[in-house]
Amino acid sequence: MSLGIGVLTPATTTILMEAAGQELSGIAGATLNANKQIGGLFGTTIMGIVTTNLSHDWNIVIVIAFLVNVIMYIATWLIASRYLYGKE
């Protein structure tokens, strides 16, 4: 999961900043930072709920945590490809 975040973060930042252009780069950077903070909040909350409710079997917790992360990466890719690449 950490490898995926390390690859995804610079790529999404580059795509966003290129799509925004020089005149909107400040707004784009602020929006990206705010969304990262909100995503961290929701991610921590969701994983806390999963861990609390399934703490009796850690194998299930690990599998669910992995699946949630995969789903979120796929959703991010779909949204980014639709809004950033679809404008050409």
For this session: Provide a single number: the residues in the stretch 18-35 that are within 15 Å of the chain's Cα centre (by Cα) and exposed (fewer than 14 other Cβ atoms within 10 Å of the Cβ).
Result: 4
Exercise. Out of the stretch 14-49, which residues are over 21 Å from T76 (Cα atoms) and β-branched (V, I, T)?
Worked result: I49
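For the stretch 52-60, state whether one or more residues are in contact (Cβ under 8 Å) with a residue 12 or more places away in the chain and aliphatic (A, V, I, L, M). Steps first, answer last, please.
Applying the first criterion (in contact (Cβ under 8 Å) with a residue 12 or more places away in the chain) to the stretch 52-60 yields none.
No, the conditions are met nowhere in the stretch 52-60.
Values quoted throughout were computed directly from the atomic coordinates according to the rules given, and no laboratory measurement underlies them. Given the structure is predicted, the values throughout are model-derived calculations rather than measurements. Cβ atoms come from the backbone with ideal geometry, glycine included; neighbour counts cover every protein chain shown.
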